[in-house]
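Just so it is clear, none of the values below were taken in a lab; they were calculated from the coordinates. Since we're looking at a predicted model, the values are computed, not measured. Because the Cβ atoms are built from the backbone with ideal geometry, glycine has one as well, and the counts that use them run over all protein chains shown.
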4 protein chains.
Amino acid sequence: MVMMKAAVFVEPGRIVLDDKPIPDVGPLDALIRITTTTICGTDIHILKGEYPVARGLTIGHEPVGIIEKLGSAVTGYREGQRVIAGAITPSGHSNACLCGCHSQDGAGTRHGWKPLGGWRFGNSIDGSQAEYLLVPDAMVNLAPVPDGLTDEEVLMCPDIMSTGFAGAERGNIRIGDTVAVFAQGPIGLCAIAGARLKGATTIIAVDTVPVRLEMARRMGADHAVDFRSVDPVEEIMRLTDGRGVDVAIEALGTQATFEAALRVLRPGGTLSSLGVYSGDLRLPLGPFAAGLGDHTIVTSLCPGGKERMRRLMGVVASGRVDLKPLVTHRFPLERIEEAYDLFGHQRDGVLKVAITP
Amino acid sequence: MVMMKAAVFVEPGRIVLDDKPIPDVGPLDALIRITTTTICGTDIHILKGEYPVARGLTIGHEPVGIIEKLGSAVTGYREGQRVIAGAITPSGHSNACLCGCHSQDGAGTRHGWKPLGGWRFGNSIDGSQAEYLLVPDAMVNLAPVPDGLTDEEVLMCPDIMSTGFAGAERGNIRIGDTVAVFAQGPIGLCAIAGARLKGATTIIAVDTVPVRLEMARRMGADHAVDFRSVDPVEEIMRLTDGRGVDVAIEALGTQATFEAALRVLRPGGTLSSLGVYSGDLRLPLGPFAAGLGDHTIVTSLCPGGKERMRRLMGVVASGRVDLKPLVTHRFPLERIEEAYDLFGHQRDGVLKVAITP
Amino acid sequence: MVMMKAAVFVEPGRIVLDDKPIPDVGPLDALIRITTTTICGTDIHILKGEYPVARGLTIGHEPVGIIEKLGSAVTGYREGQRVIAGAITPSGHSNACLCGCHSQDGAGTRHGWKPLGGWRFGNSIDGSQAEYLLVPDAMVNLAPVPDGLTDEEVLMCPDIMSTGFAGAERGNIRIGDTVAVFAQGPIGLCAIAGARLKGATTIIAVDTVPVRLEMARRMGADHAVDFRSVDPVEEIMRLTDGRGVDVAIEALGTQATFEAALRVLRPGGTLSSLGVYSGDLRLPLGPFAAGLGDHTIVTSLCPGGKERMRRLMGVVASGRVDLKPLVTHRFPLERIEEAYDLFGHQRDGVLKVAITP
Amino acid sequence: MVMMKAAVFVEPGRIVLDDKPIPDVGPLDALIRITTTTICGTDIHILKGEYPVARGLTIGHEPVGIIEKLGSAVTGYREGQRVIAGAITPSGHSNACLCGCHSQDGAGTRHGWKPLGGWRFGNSIDGSQAEYLLVPDAMVNLAPVPDGLTDEEVLMCPDIMSTGFAGAERGNIRIGDTVAVFAQGPIGLCAIAGARLKGATTIIAVDTVPVRLEMARRMGADHAVDFRSVDPVEEIMRLTDGRGVDVAIEALGTQATFEAALRVLRPGGTLSSLGVYSGDLRLPLGPFAAGLGDHTIVTSLCPGGKERMRRLMGVVASGRVDLKPLVTHRFPLERIEEAYDLFGHQRDGVLKVAITP
């Protein structure tokens, strides 16, 4: 049995680099040799035990790599090809997929869909923080990297960029909209970039960290609101001349940001929520207009699949958006525990780390 | 000054029939002689002081009548014509109207929209429980009643039918969808009818009152769930083979119904909320899938305007839907206080009352 | 090699029953023993040589049957299960599928999509007019038939019903719309049923054959216009009080019907085209409003995949629509040449024939 | 009677500057003193007699000016305010407006909509190439110009920018789409800008005039195809790796451009047509996929109304788009006949002219 290095969840508080066998390749799978991967905020939830996964699972869901071996029934690819796969790996054949809800794939059973069913890497199967990754339903999920794009240029596509853009897309932003984005972590920053791409003409970024607000401006925000120094709701109402925003994007997962997003939303507007919440949410009566405000609230899980990846890499290749500045630190896989420590504590201005086996 | 009878809000707990002057007609207005009107659940909120309106205001927002006098700038109508107007009377010229959000009309100011701005009758101006009603922006709001339809046949169009159907429309029901409707008051019953019209093929009605569940079947429900005898969430999951519903419609305005609607919603589904809430709402973490379920939550205020009324009366005329059974009681305007008493206490199987001046 | 009977295209003018080997089952395939199938208008185009297919191909794309054998990689089904598959069999893994365009599947190549790529049975691979049918990408395409539905009750789901309903769905029919459907063959009749299900409240059927107009009324049409006795454009404008229709559905594939559909369309309306055309189409300047009428013209190929089939069978099971009257004749597979003769010449009031091996 | 100068249609071939009375102001009107206006391609159609208007009509539909006098029933504005009005001036109260189809306003009659009903200036009522302009339904149509924007910066909003952007919006361009725009006149150039704003990441401009192709690149095109030197269909298929485009925008109004747009469209794609055609159009069988390509064809008339204008001026104010380079020439109103001559013959690299009374 040939072995590889992998970052494994041992118990709450401990993700360690360990030796695991390189997986066998089933007929619909592909084995990828990872060249670059990264750590996500969700992985920190797993590390802390806030999101439960099986002990012994390899963590990570953001792979860039090279096809090492293709399953016997996989066509349309060749070994040695550079590819990425999305954080979410739909099967392509579930009822959920066939009605357009790929992220909520239902594991093929007759008896209902499980929310998050499409999220498998580092959740229900081994993930990408390893030397090798087994990609299920390879023909649905592998997207060749266009020539000329580096690993780091496409490293945000599998999750951060796909999720952040989904916030703008599901918010149904139209040309001329005013949009507020709450929290400027990597996903919020990508939501800013997505809102800009969709034609929002007034984009207001809210956060507390000056360097993140500065990055928000770089991604396309017109205004940066530091909510330690001003009340963000008052400030946004002032900036919009009392009108409120057409679309509010929540990118943190807390009551405070969700509620502020609702408070600045105009009647008929859309609150697009990206955050992962850790408790019940409250919809306050007044901002919710007692249920009579013609509001829309949407939540989104990261869209995956090779077509999504193709499009996102096309955005990168077009030069419309430059996400390279989000990669602030680099570590070899051997030092991933150190990377977890830095990223988990948000030290040293870290946004995203590149991990290279 | 010529006087008329009108049902007036005096103070919490008291709506009385009083004498008020027949209003003057401005250039864009029309004066309607009311032939039939009704009482809405919202009027009961006003009566109880739960929804604040000015003392002395005439209540009511569901008018059927005859044009008595047209404003000097109004064209396209003639005096003596039978008409209805929606509960919501958009101006047609606000920015809200011009971006398709007629119900949330903004009163023409530069400084923001007020939620519910489009609801004027019995809220910010005198309403329809009177002998005469002044309709503002008449060219936007007056819809001629097709020959052959009685007052009672179109009495549900201004509010109940428009709101209930909006629940189905905003829920984006598609052919073949499974839909649950929580609460079978007049609006819930119209949501059932609307869901049927939109092509839902499994419609589940939930309530506690047998006669209302029976009426729900008559309006098109396939299953009637009495939540005094079964747990509605368990029963709906059973009826859907564990799959949940594509669209859940809330038509009461309570935490219990809202939460049950969320619990039976499939990943990627839509919760369409019609209820008027009287307190904060809670989104429980699990059913909300921690914000990762690709859910959509929409709220709707009754759509108004003459084109909406034209379409709804067309539905009635087509015979596709028969809402006449919803009118269970009839009173002359003189006895409206008695009607409030009956309707407010939901005695005698009342669904809607017809009031005739 | 075990042999079976199959209806094979020999040359223009000749489809004959012949012996062919029962196909081998690949890892993603399923072999279905056909219990009922039918003949489509498209098959007649093939018979006449108007639509080219390879000589020796088995014709037919509307299968009802029983799983005989499952491929080694197929999960979620069992042999002996009653199933249908859509006329269109998407792979689930192409870029076309992953952006929601399943009917236009792209055969997995990097170099573009081929229109109609999703239509394989009786087009690019052997079809269903045979004792056995090999279904590719079985997990995407096999839909179990609910207990209690007969073969004939679900026989329209694979093509006729899916296509006709798509005409209503892609036309974006809303509650209260006025809809005209041109031509009352099986697809037009299903478009009537679909328009009714979507909430159209005035449905106008146009044809020349009294029995088909009668069937149109049975499927839900409010008006039947015989265009041998009246000018259909004038009649529809009269029926709509000069307003025109919100949605016009073309279900024949000729200049005359397409053009009439455009002529009765209101400004801002949608022309939903289902017909298969055999020559260039002309958009006349006036009805096209010189390109300034805010019109939408959509064309649709039959949607396929197991989720579509599940939903359509759900519609049948709900009793909302009864398509059994469309099956006017029945033949054993042995007499399929006779069935082609009857159906191709539209003799004896034939609408659809059931073929049973 | 106080007189003013106005450019008047006399007969085919002759638009001349003449004296006309300054119009009276009705209760819903506003009188605007024009400070800047321009000439549109449509005006050239009128000049040539290709589009019929009444003799004696003042031409022009692109006004920038100052409120001189408000009608007695107009509120929310003040005299002296700088405003623009859209080329299309919806009434706000027609059934067309109330179902969101403002451009196709129906003049308030019961008997049907007239296509183009919303286009009144220089079509059915006097237009903007004059010292004064009477704006009907002023509360629906007057949009205050934000401080800091010059006349020339907002001069494209009433028509060119609104129409060009509509091409992108109605084409439903999504992030990552590939878009081809046929013809780089002012509207095509604005369609390029609109496609860029909507998130298209590959934009291909087609024209024959090098300076226009150069301007297309400045507006956001990634590729410029000169169809005198290459076959545009072949070149676009090459640029898209055989895939075709997601959205094709036609901005000229000829068979050649419309047909090329259809030929490069991928299955399932959208052809968004902005051109004003002067003859019947032909849909060739192959590119139209015999009606089976899941194509969408949409046409658009310029969206108007004050909310549209507010949004477009917001886009200008945001700096996202700079349309000032489109104004290539300037004339006083006295020399408008000279301006018509230059613009009509497209001499001297003219794109748009600014006319100042």
Residue among C:GLY349, C:GLY80, C:SER91 farthest towards the positive dipole end of chain C, charges placed on Cβ:
C:SER91
Sticking with the crude label model, points 7 Å out along Cα→Cβ, report the distance from B:ARG347 to B:ARG282 in nm, one decimal please.
3.6
Rough spin-label spacing in nm, given labels placed 7 Å along Cα→Cβ, for C:GLN81 and D:VAL10:
8.1
If you take every DSSP beta bridge fully contained in the protein assembly as shown, what fraction is antiparallel? Give it as a percent rounded to 5.
50
Label geometry 7 Å along the beta-carbon vector: D:ASN172 inter-copy distances in nm
0.7, 1.1, 1.3
Report relative contact order for chain B in percent, whole number only (criteria: Cα-Cα under 8 Å, sequence separation at least 6).
18
Please work out the Cα center distance from the range D:294-357 to the range B:281-299, rounded to the nearest Å.
46
Determine by what factor the alpha-carbon radius of gyration of chain D differs from 2.2 N^0.38 Å, reporting the quotient.
0.98
Evaluate E = 1/(1 + (r/R0)^6) for B:ARG218 and A:LYS48, where r is the Cβ-Cβ distance and R0 equals 60 Å; express this FRET efficiency to the nearest 0.05.
0.65
With no solvent and one point on each alpha carbon, what is the Debye value of log10 I(q)/I(0) for the range A:163-299 at q = 0.09, 0.18, 0.20 Å⁻¹?
-0.21, -0.89, -1.12
In deg cm²/dmol and to the nearest 500, what is the mean residue ellipticity at 222 nm of chain A if only DSSP H runs of at least 4 residues count, each as -39500 (n - 2.57), divided by the residue total?
-6500 deg cm²/dmol
Calculated over the range A:35-160: convex hull of Cα atoms, volume per residue (Å³):
121
Placing +1 on each Lys and Arg Cβ and -1 on each Asp and Glu Cβ in the range D:164-299, then taking the dipole about the Cα centre, the residue among D:THR201, D:ALA224, D:GLY286 whose Cα reaches farthest towards the positive end is D:THR201
Could you give the size of the charge dipole of the range C:20-162 about its Cα centre, using +1 on the Cβ of each K and R and -1 on the Cβ of each D and E, expressed in debye and rounded to the nearest 20?
460
Cα pair distances of the range A:215-265 binned at 10 Å [whole percent]
24, 59, 18
Which residue of chain A is nearest the rotation axis onto chain C, counting by its Cβ, and what is the distance in whole Å?
A:GLY92, 2
For A:ASP18, go 7 angstrom from Cα along the Cα-to-Cβ vector, then report the distances to that same point in the other copies in nm, smallest first.
6.1, 7.7, 9.1
Only bridges whose two residues both fall in chain D count here: according to DSSP, what percent of them are antiparallel, nearest 5?
50
Hey, which lysines would be in cross-link range of B:LYS324, C-alpha to C-alpha under 24 Å, not counting anything within fewer than 8 residues on its own chain?
B:LYS198, B:LYS306, B:LYS352, C:LYS198
Any chance you could get the radius of gyration and Dmax over the Cα atoms of the protein assembly as shown, in Å?
31.7, 101
Would you tell me the mean number of C-beta atoms belonging to other protein chains that fall within 10 Å of each C-beta in A:261-267, as a whole number?
3
Go ahead and collect, in residue order, the members of the range A:332-346 whose backbone nitrogen is under 14 Å from a label point 7 Å along the Cα-Cβ direction of A:THR356.
A:332-335
Rh (Kirkwood; distinct C-alpha pairs) - the range C:247-338, Å
16.3
Using only atoms on other chains, find how many Cβ atoms lie within 10 Å of each Cβ of peptide C:304-312 and report the average.
5
Student exercise, the range B:161-299 dipole from Lys, Arg, Asp, Glu Cβ charges, in Debye to nearest 20
260
Cα-derived Rg to Rh of the range B:50-102, Kirkwood definition
1.04
So for A:SER229, C:SER103, C:SER124, fewest C-beta neighbours within 10 Å to most, what's the order?
A:SER229, C:SER124, C:SER103
Per-bin percent of Cα-Cα distances, the range B:6-98 [5 Å]
3, 12, 17, 21, 19, 16, 9, 3, 0
As I understand it, the value is the acute angle between the Cα axis of helix B:186-197 and the longest principal axis of the Cα atoms of chain B; what does it come to in degrees, rounded to 10?
70
Nm distances between the label at D:GLY344 and the same-position labels in the remaining copies, 7 Å along Cα→Cβ, shortest first?
6.1, 7.4, 7.8
Is there a quick way to get the dipole size of the protein assembly as shown? I mean about its Cα centre, with the Cβ of Lys and Arg at +1 and of Asp and Glu at -1; what is the value in debye to the nearest 20?
0
Kirkwood hydrodynamic radius over Cα pairs of the range A:94-189, then Stokes diffusion coefficient at 37 °C and 0.692 mPa s, in µm²/s:
204
If the elastic network links every pair of Cα atoms under 10 Å, which of D:PRO325, D:PRO63, D:PRO284 fluctuates the most in the Gaussian network model of chain D?
D:PRO284
Which of the trypsin sites (Lys or Arg not before Pro) found in the range A:23-84 are loop residues per DSSP with 13 or fewer other Cβ atoms within 10 Å of their Cβ?
A:LYS48, A:ARG55, A:ARG78
What is the calculated FRET efficiency for C:ASP226 to D:ARG238, with r their C-beta to C-beta distance and R₀ = 45 Å, to the nearest 0.05?
0.30
Euclidean distance of C-alpha centroids, the range B:137-172 and the range C:134-149, integer Å
43
Relative to the longest principal axis of chain B, what angle (0 to 90°, nearest 10) does the C-alpha long axis of helix B:306-318 take?
70
